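None of the figures in this text is laboratory data; all of them are computed from the coordinates on show. Since this is a predicted model, take the numbers as computed values, not measurements. Glycine also receives a Cβ, built like all others from the backbone with ideal geometry; neighbour counts cover every protein chain displayed.
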Amino acid sequence: MSKEEFVATEHQHRRLNPLTGQWVLVCPHRMKRPWSGQQESPQKNELPEFDPTNPLCPGVARPNGVKNPVYESTFVFTNDFPALLEGVPDPPVSSDPLFQVAPARGTCRVMCFHPKSNTTLPLMSSTEISAVIKEWINQYNDLQKKYTWVQIFENKGSAMGCSNPHPHCQIWACSFFPSEPKLKDTNLRAYYQQHKRALLDDYVQRELTKEERIVVKNPDWLVVVPYWASWPFETMLISRNKNKRINDLTKSQIDNLALTIKELTTKYDNLFGCSFPYSMGWHGAPTGDEIGKDDAHWTLHAIYYPPLLRSATIRKFMVGFELLCQAQRDLTPEQAAQRLRDVDGKKHYLH
């Protein structure tokens, strides 16, 4: 073992993600290596406001022949090509422990944020973003009654697999408890049973004290690059009001959330001067039959997973060691947070 003094920004080390129990390998010295691999095309916002061939635009007929209304704010419809359906038969029960199978039912919805194709969240007003949040809550209220898990998520940009260039998200409701939130539920519950406090409530207080990884904060919300972040500029948006689910939010919390989302996504776009790609989603206490059960261990939060690493054209690839062993990142979460803090979150680079 070297007697050299450890420096987090220079020396590799591992960090534990207490939400999943999994470790992340941090190798900051790798940022010094030259890059001659694949480069993405910079994602610029060069779309028209309206495209008559885009099936998400107002008044356009989708592939199934259904014509969208001429909507002026948000618009929600059941996905024409859903991953989850209701009217499907159960698979046969297997007694073989190596070939287990279980039923999976649900529904998938698409939610357009705005009628204009070239208007992403950071380019929308906080009032327009509040309308998006309120519609998230409407959809959640409708789906939570029947389904164990309601997953609201947005894939922004072709680098994250978005197949349609129009501001939108998806909402999948599942009859089952999916693996990632189920793992979180297990670890959050274990922490609460040991400490009698919610893990993410404690984490918020630690981050507010340390002030090393904070990106955005206000009385209702805290955005940090998590200590255990895997993706280069990954962030977590956490409730500071012990909210358990997105439909717990008050009007003022919704308004502050809209401001937080606008500031964070503006910082993302301004970081590399491009329409910053990411996948994001909300995690909170489970629904359906789980409503009314003990959920004191949960804290409502959203996670942003952006792939870009060095510039608008160089992304992080989760391959090789990451797929076969464990997640690995290059720059430290503290370095990423500092860069995001230093970026203007009020005025978008296009303005």
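Using +1 at the Cβ of each Lys and Arg and -1 at the Cβ of each Asp and Glu in the chain, identify which of ASN155, ALA258, VAL88 lies farthest towards the dipole's positive end.
Toward the positive end, the furthest listed residue is ALA258.
Does region 211-280 come out rounded, prolate or oblate, given a ≥ b ≥ c as the square roots of the eigenvalues of its C-alpha gyration tensor, rounded meaning a/c under 1.5 and, failing that, prolate meaning a/b above b/c?
Note, shape of region 211-280 comes out prolate.
Most exposed first by the Cβ proxy, i.e. fewest other Cβ within 10 Å, how do THR266, THR186, THR250 rank?
Listing THR266, THR186, THR250 from fewest to most nearby Cβ atoms yields THR250, THR186, THR266.
Can you bin region 168-231 into rounded, prolate or oblate? Criterion: square roots of the alpha carbon gyration tensor eigenvalues sorted a ≥ b ≥ c, rounded for a/c under 1.5, prolate for a/b above b/c, oblate for the rest.
Taking the square roots of the gyration eigenvalues as a ≥ b ≥ c, region 168-231 is oblate.
Using r as the Cβ-Cβ distance of ASP248 and SER126, and R0 as 30 Å, what FRET efficiency do you calculate, to the nearest 0.05?
0.90
With unit charges on the beta carbon (Lys/Arg positive, Asp/Glu negative), name the residue among ASN64, PHE176, MET124 whose Cα is farthest towards the positive pole of the charge dipole of the chain.
Going by the charge dipole, the pick is MET124.
Quick one: length gained pulling TRP23 to ASP202 fully straight, 0.36 nm per residue minus the C-alpha distance?
62.5 nm
Within 10 Å, count the other beta carbons around each residue, average over each peptide in 97-104, 321-328, and list them highest first.
Order by mean packing, descending: 321-328, 97-104.
What does the convex hull of the Cα atoms come to per residue for region 134-180, in Å³?
Expressed per residue, the convex hull around the Cα atoms of region 134-180 is 88 Å³.
With r as the distance between the Cβ atoms of ARG310 and GLN100 and R0 = 41 Å, compute the FRET efficiency 1/(1 + (r/R0)^6) and round to 0.05.
Once rounded, the FRET efficiency stands at 0.45.
Can you tally the net charge around ALA336? Count Lys and Arg as +1, Asp and Glu as -1, for every other residue whose Cβ sits under 10 Å from the Cβ of ALA336.
Residues near ALA336 contribute +1 overall.
Starting from the coordinates of the alpha-carbon atoms of region 177-342, obtain the Kirkwood hydrodynamic radius over all distinct pairs and give the value in Å to one decimal.
Result for region 177-342 stands at 16.8 Å.
Give me the extension gain from ASN64 to ASP80: residue separation times 0.36 nm, minus the current Cα-Cα distance, reported in nm with one decimal.
Separation in residues times 0.36 nm, less the Cα-Cα distance, equals 5.1 nm.
Tell me what the chain gives for mean residue ellipticity at 222 nm when only DSSP H runs of n ≥ 4 count, each as -39,500 (n - 2.57), the sum divided by the residue total, rounded to 500 deg cm²/dmol.
After summing the helix terms and dividing by residue count, I get -7500 deg cm²/dmol.
Okay, which of region 69-89 sit inside 15 Å, backbone N to the point 7 Å along the Cα-Cβ direction of PHE153?
82-84
Using the structure shown, list the pairs from LYS156/LYS217; LYS210/LYS251; LYS196/LYS267 with a Cα-Cα distance above 32 Å, or answer none.
LYS196/LYS267
In the chain, which longest range has no trypsin sites (Lys or Arg not before Pro) that are both DSSP loop (not H, G, I, E or B) and surrounded by at most 12 other Cβ atoms within 10 Å?
My reading of the result: 45-144 is the longest stretch.
For the chain, what is the percent of antiparallel DSSP beta bridges, rounded to the nearest 5?
95
If we count other beta carbons within 10 Å of each Cβ, what is the order of LEU257, LEU188, fewest first?
Exposure proxy ranking, most exposed first: LEU188, LEU257.
Which net charge results for the neighbourhood of LYS347, defined as the other residues with beta-carbon distances under 15 angstrom from its beta-carbon, given Lys and Arg at +1 and Asp and Glu at -1?
Here the count lands on -1.
Distance between Cα centroids, region 278-319 to region 74-126: provide it in whole Å.
Each part reduced to its Cα centre gives a spacing of 16 Å.
Which FRET efficiency, nearest 0.05, do LYS146 and GLU5 yield, Cβ-Cβ r, R0 51 Å?
For LYS146 and GLU5, the calculated efficiency is 0.35.
Roughly what would the spin-label model give for ASP51 and VAL343, points 7 Å off Cα along C-beta, in nm?
Between ASP51 and VAL343, the simple spin-label model gives 2.4 nm.
What is the sum of charges around ASP80, taking Lys and Arg as +1, Asp and Glu as -1, for the other residues whose C-beta is under 14 Å from the C-beta of ASP80?
+3
For the chain, modelled as a Gaussian network with Cα springs under 10 Å, which listed residue fluctuates most, PHE113, PHE272, PHE81?
Ranking PHE113, PHE272, PHE81 by mean-square fluctuation puts PHE81 first.
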